[in-house]
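**Student:** One structure is given below, represented as structure tokens, and several questions about it will come after.
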């Protein structure tokens, strides 16, 4: 799709900030850190059908495992055309389809998994990828996980399974921002060398050292898609900055579940110009 990704990312950041400010609730930090990734994935990489169908036949699929970053997900889906951008104004409100953590029973186009509970998206995406192989569907399954989420044991059962069953139509990205709700991941529960862990489980491991660099994300995702079908699942270790694009939200875990006040919102919006029109 022909769109300026820098302009798109700036607008997605504005959406995120305005959504969480409006209801004084939500998770802006991790959302801001993944804005570039989801913009590239949905506008340049994935083959999608905007006539949303849960079966997802003959198209690429995406599963958001770290569901608390729903603001960036909802903004991206709406800007891509899954539902009206104006619906972003209902975020976290009663009877809205845009709940704080995505749920399938709300019937929101683009949402394929209820991901309020962390640690399950890896398993679900592997199941979807295996289903595609059984159906002779040649398309790709993508998933995004947080790094703190890897502290959940279910992931490692799934990681072992995917390699054992040669689920090679799967590209999982880990958002490595080094932060989680209570502090740094190294302080809460150190995970050691994630690169070597995945390699030892039989995965193909790629890395994006500049995980907020649009060109690097695009280059790596294109390469990842070019090497599917070689008997190994693929993981991309993406080093991001939580709160990226808003100076006072960066280099801290404090904005995991905190909304900006009026003054902070104005400051943040001044750093991210309106490009595609606010909702």
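**Student:** Does residue 226 meet the test of being closer than 27 Å to residue 137 by Cβ, out of contact with any helix residue (DSSP H, G or I) (no Cβ under 8 Å at 6 or more places or on another chain), exposed (fewer than 13 other Cβ atoms within 10 Å of the Cβ) and without any contact (Cβ under 8 Å) to a residue 12 or more places away in the chain? Spell out the reasoning first.
**Tutor:** Details: closer than 27 Å to residue 137 by Cβ: yes; out of contact with any helix residue (DSSP H, G or I) (no Cβ under 8 Å at 6 or more places or on another chain): yes; exposed (fewer than 13 other Cβ atoms within 10 Å of the Cβ): yes; without any contact (Cβ under 8 Å) to a residue 12 or more places away in the chain: yes.
So residue 226 fits the description; yes.
**Student:** Also: Residues in segment 171-196 that are under 25 Å from residue 258 (Cα atoms) and out of contact with any helix residue (DSSP H, G or I) (no Cβ under 9 Å at 6 or more places or on another chain): how many?
**Tutor:** Matching residues across segment 171-196 total 5.
**Student:** Taking residue 213 and the conditions (1) surrounded by 18 or more Cβ atoms within 10 Å (Cβ to Cβ); (2) touching a residue at least 60 places away in the same chain (Cβ under 8 Å), which numbered condition does it fall short on, given that it satisfies the others?
**Tutor:** The number of the failed condition is (1).
**Student:** In segment 39-49, which residue that is part of a helix (DSSP H, G or I) and free of Cβ contacts under 8 Å to residues at least 60 places away in the same chain is nearest to residue 7 (Cα to Cα)? Working first, answer last.
**Tutor:** Filtering segment 39-49 for residues part of a helix (DSSP H, G or I) gives 39-45.
When the remaining residues are screened for being free of Cβ contacts under 8 Å to residues at least 60 places away in the same chain, the result is 42-43.
Values: 42: 15, 43: 12 Å.
Ranking the qualifying residues of segment 39-49, first place goes to 43.
**Student:** Keeping to segment 133-146, report how many residues are under 22 Å from the mean Cα position of the chain (by Cα) and either closer than 15 Å to residue 64 by Cβ or in a helix (DSSP H, G or I) (or both).
**Tutor:** Of the residues in segment 133-146, the ones under 22 Å from the mean Cα position of the chain (by Cα) are 139-146.
If we keep only those that are either closer than 15 Å to residue 64 by Cβ or in a helix (DSSP H, G or I) (or both) as well, we get 141-146.
Of the residues in that region, 6 qualify.
**Student:** What are the pairs, 6+ residues apart or on separate chains, where a residue within segment 73-85 that is under 15 Å from residue 3 (Cα atoms) has its Cβ under 6 Å from a residue that is part of a helix (DSSP H, G or I) and at pLDDT 95 or above?
**Tutor:** Every condition considered, the pairs that remain are 76/38; 76/42; 78/85; 78/88; 80/42.
**Student:** Right, something else. What residue, among those in segment 50-108 that are part of a loop (DSSP other than H, G, I, E, B) and in contact with a strand residue (DSSP E or B) (Cβ under 7 Å, 6 or more places away or on another chain), is nearest to residue 30 (Cα to Cα)? Reasoning before the result, please.
**Tutor:** If we filter segment 50-108 for residues that are part of a loop (DSSP other than H, G, I, E, B), which is where we start, we get 50-60, 65-66, 81-84, 91-103, 107-108.
After this cut, where a residue has to be in contact with a strand residue (DSSP E or B) (Cβ under 7 Å, 6 or more places away or on another chain) as well, the list is 60, 65-66, 102.
Working: 60: 24, 65: 13, 66: 9, 102: 15 Å.
That would be 66.
The values are calculated or read from the model by the stated rules, or taken from the named source; none is laboratory data. Since we're looking at a predicted model, the values are computed, not measured. Glycine gets a Cβ as well: all are built from the backbone with ideal geometry, and neighbour counts include every protein chain shown.
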